[in-house]
Amino acid sequence: MELFRHPEPVDLSVVIPVFNESANVAPLLARLGPVLERLTPSWEVVFVDDGSHDDTAAVIAAHHASEPRIGAVSFSRNFGKEIAIAAGLDHAEGRAVVIMDADLQHPPELIATFWERWREGNVMVYAQRTDRDDESAMRRGFARLFYRLFARFGEMALPEGAGDFRLIDRKGVEVLRSLPERARFSKGLYSWIGFRSVGVPYQVEERQHGSSKWSFRKLFRFAFDGITSFSTVPLRVWTYLGGAIAGIAFLTALYFVADTLLRGPDVPGYASLIVSVMFLSGVQLMSLGIIGEYIGRIFAEVKRRPLYVVAERIGPAAAGHDRPVRDDRRAGRRARYSGVA
Ligand code: UDP
Ligand code: MG
């Protein structure tokens, strides 16, 4: 972190979003520290405290007191993991930045492999889970469906089983930071930026303490966000569906006209009438809902609110050499990365 005034540039940063993880911080650092130390003495750990209600921040502060290379950015409230990752990337200084979970589901030892692959010239090294045994069949099924849908409708395919556990070279980090969107679907963004990438297989471990913060509703929302962030197909599909339904309606009308002329008027038919009215109103409401999703997204973007609000930084940040606000920095970055912005 710049706020720690490193005498030399940092080689390796580890960004860890934490939300009520106080029981996991110590076991995580106990395993992570030796791994980092073996790779380079020039490392830092950037915790992003995503508005924890427990004493996560205090636990991190205690570790900072004995190891200044450990620091934290604390949000003013819970902003969600995606935003916490964005904040971590904003504050990490390393030439290589690793993103990992705090619950020890991501084995820290894998970072040594990331490091090797990175030194071979990969900008992105992602961990790829070999099985999803820890998840329910339903969750697995939905995950598979999501990847299929994304590959079909998104701009690019996502590597299956790859999550946030990865190493990103500074080059990639700067491009990610230059992406201005507020609705952040990082899995998609990682792929969108391109660059030379490689997957490293791994086994997901059991969560150490506490429980997963993802409810099914949240996951559905997440998947929906992912697809609507990267595809306009859900918007456009209604044109075709509408056309098809109108075509069928027209043919049916022709049939009714012919039928009436040939066989005389026919009073029954309320059932088909009700069914078609209901069907069409359903389709219309759905299409309106989809349009609403995108308009909501546009609204969120045009408000131009900052991505997150920092309440506190652990480390010499209190002395006042704060980083400038995100948008100012973005203006500077735009000049540097004009090819991307
Ligand atoms: N997390 C976060 N903000 C949230 C939810 C989760 O920063 O609103 C962090 C959490 O502390 C953990 C990581 O994101 O370090 C992954 O969360 P979790 O283990 O609940 O997700 P899962 O492993 O079930 O996908
Ligand atoms: Mg977890």
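Here the condition is being at pLDDT below 50, aliphatic (A, V, I, L, M) and either within 15 Å of Ser74 (Cβ to Cβ) or surrounded by 11 or more Cβ atoms within 10 Å (Cβ to Cβ) (or both); of Ala300, Ala317, Ala311, Ala335, it holds for Ala317 alone. Screening the candidates Asn78, Asn24 for the property of being within 16 Å of ligand 1 (Cβ to nearest atom), assigned to a loop (DSSP other than H, G, I, E, B), in contact with a His (Cβ under 9 Å, 6 or more places away or on another chain) and not hydrophobic (A, V, I, L, M, F, W, C) yields one hit, Asn78. Does Thr260 satisfy the criteria of being over 30 Å from Ile85 (Cα atoms), β-branched (Val, Ile, Thr) and modelled with pLDDT under 80? Criteria not met by Thr260. Within segment 155-165, the only residue that satisfies the criterion of being open to solvent by less than 20 Å² (accessible area, probe 1.4 Å) and over 13 Å from the mean Cα position of the chain (by Cα) is Gly161. Can you go through Pro68, Pro41 and tell me which one is outside any helix (DSSP H, G or I), away from ligand 2 (no atom under 16 Å from the Cβ) and either hydrophobic (A, V, I, L, M, F, W, C) or without any contact (Cβ under 8 Å) to a residue 24 or more places away in the chain (or both)? Only one candidate qualifies: Pro41.
Residue-level analysis places Ala223 outside the set of residues that are within 16 Å of the chain's Cα centre (by Cα) and open to solvent by less than 20 Å² (accessible area, probe 1.4 Å).
Go through segment 186-275 and tell me which helices (runs of 4 or more DSSP H), entirely inside it, have 3 or more residues that are over 28 Å from Leu307 (Cβ atoms) and away from ligand 2 (no atom under 16 Å from the Cβ). Result: 233-263.
The values are calculated or read from the model by the stated rules, or taken from the named source; none is laboratory data. Keep in mind that this is a model prediction, so the values were computed, not measured. Cβ atoms come from the backbone with ideal geometry, glycine included; neighbour counts cover every protein chain shown. Accessible surface is based on the protein model in full, side chains and every heavy atom, while ligands, DNA and RNA are left aside. Shrake-Rupley method; radii C 1.70, N 1.55, O 1.52, S 1.80 Å.
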